[in-house]
1. From the list SER137, SER132, SER166, which one is at pLDDT below 95 and polar (S, T, N, Q)?
2. Determine, yes or no, whether PRO120 is surrounded by fewer than 18 Cβ atoms within 10 Å (Cβ to Cβ) and either of a type in the set (Phe, Trp, Tyr) or touching a helix residue (DSSP H, G or I) at 6+ places or on another chain (Cβ under 7 Å) (or both).
3. Suppose we keep only residues that are without any contact (Cβ under 8 Å) to a residue 40 or more places away in the chain and outside any helix (DSSP H, G or I) within region 43-61. Which one would you say is surrounded by the most Cβ atoms within 10 Å (Cβ to Cβ)?
4. Return the residues of region 173-189 that are surrounded by fewer than 16 Cβ atoms within 10 Å (Cβ to Cβ) and not basic (Lys, Arg); say none if nothing qualifies.
5. For ARG196, are the conditions met, namely being more than 17 Å from LYS139 (Cβ to Cβ) and surrounded by fewer than 16 Cβ atoms within 10 Å (Cβ to Cβ)?
6. Looking at LEU152, LEU131 in this structure, which one is out of contact with any Pro (no Cβ under 6 Å at 6 or more places or on another chain), farther than 20 Å from VAL100 by Cβ and of a type in the set (A, V, I, L, M)?
7. Would you check which residues across region 62-87 are without any contact (Cβ under 8 Å) to a residue 60 or more places away in the chain, within 22 Å of ILE118 (Cα to Cα) and in a loop (DSSP other than H, G, I, E, B) and list them?
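The values are calculated or read from the model by the stated rules, or taken from the named source; none is laboratory data. All values reported here derive from a predicted model rather than from experimental measurement. Ideal geometry is used to build each Cβ from the backbone, glycine not excepted, and the neighbour counts take in all protein chains shown.
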Amino acid sequence: MFRNSEINNKEIQKGLYLVSTPIGNLEDITLRAISILKRSDYILCEDTRTSKILLQKYDIKSKLISNHKFNEKKNLLKVLNLLKKGTIISLISDAGTPGVSDPGSILVNECIENRINIFPLPGPSSVTSALSISGFSEKFFFYGFFPEKKKLLNDDLKKLSELDSSIIFFVSPRKINKILPYLKKNFSGRKILICREMTKYYEEYIRTDIDDIEKLNFELKGELTIVISDIKLDKKNSQNLNESDKRLIKEMIKKLSTKEIINFLSQNKKISKKEVYNYCIKLKNEK
């Protein structure tokens with residue numbers, strides 16, 4: 001078994017450190033993150049101009065290497081050679097945890113292949129920050145950024161709409177109004193939380209039903225974190241599934257999604273959405 005660990009507080013292992021940085025407020029950084037960044041020989045930055053603001057605030061003078069999605073493959077050999085020589089390198093993104101919808105996974109996988117030590121430094125995350133204030137289910141699925149192609153977007157959202165958990169997306173302000181119709185189509189009946197400028201001076205949170213949401217006007221700055229609620233189950237319905245309902249579901253499940261079946265039955269009968277959902281999942285698991 002391959003393991004890696006820090007030796008002690010005075011001496012740290014050589015290798016790659018994935019350091020989480022603030023998602024907005026520069027004071028949201030751990031003492032350990034500052035210590036590791038100061039003791040790094042090099043810091044890989046998504047955008048050196050953005051990173052310098054944070055590094056200068058904490059008097060961090062380690063050498064910087066630009067490392068973004070357009071040059072991370074080109075940098076790979078150079079960085080690996082430095083790590084093999086026993087260099088301490090930290091990887092940071094513009095905000096949050098590197099490797100999560102940001103550059104980093106390519107280098108991490110190469111380090112794994114070459115048995116180079118990798119250390120995560122936990123810290124700020126827009127994903128868990130948004131989920132924590134949503135009031136939705138603590139079970140969640142993180143999707144990341146929406147795809148550009150409409151067919152892929154439709155296909156993915158249709159599959160995600162069947163998940164009975166919170167679902168988290170990233171989206172830029174200039175794309176939000178193009179995405180809303182797809183969200184309303186696939187997540188009707190659920191709630192939405194839109195987080196803007198989290199931890200910053202102008203932070204804003206919009207909570208509403210997806211069906212009620214209208215066009216939004218945001219400044220073209222930063223990224224939005226969106227949380228969709230888990231499936232809203234109607235507990236007041238009293239009827240249970242009978243054998244006729246079950247036969248009907250068995251036929252519909254061949255052509256319709258779980259969400260479509262739930263909507264169809266709930267519109268025509270006073271029936272438990274939860275029971276329909278659970279029966280659909282049971283049938284799918286039996287395949």
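1. When all the criteria are applied, what remains is SER137.
2. No, not satisfied.
3. Filtering region 43-61 for residues that are without any contact (Cβ under 8 Å) to a residue 40 or more places away in the chain and outside any helix (DSSP H, G or I), the one surrounded by the most Cβ atoms within 10 Å (Cβ to Cβ) comes out as ILE60.
4. ASN177, PRO181, SER188
5. No.
6. Result: LEU152 is the single residue among LEU152, LEU131 that is out of contact with any Pro (no Cβ under 6 Å at 6 or more places or on another chain), farther than 20 Å from VAL100 by Cβ and of a type in the set (A, V, I, L, M).
7. SER62, ASN67, HIS68, LYS69, ASN71, LYS85
Yes or no, residue by residue, for (1) of a type in the set (S, T, N, Q); (2) closer than 30 Å to ILE271 by Cα; (3) part of a loop (DSSP other than H, G, I, E, B):
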site: GLU162; (1), (2), (3): no, yes, yes
site: ILE167; (1), (2), (3): no, yes, no
site: PHE170; (1), (2), (3): no, no, no
site: TYR182; (1), (2), (3): no, yes, no
site: SER188; (1), (2), (3): yes, yes, yes
site: CYS195; (1), (2), (3): no, no, no
site: LYS200; (1), (2), (3): no, no, yes
site: LEU216; (1), (2), (3): no, no, yes
site: ILE231; (1), (2), (3): no, yes, yes
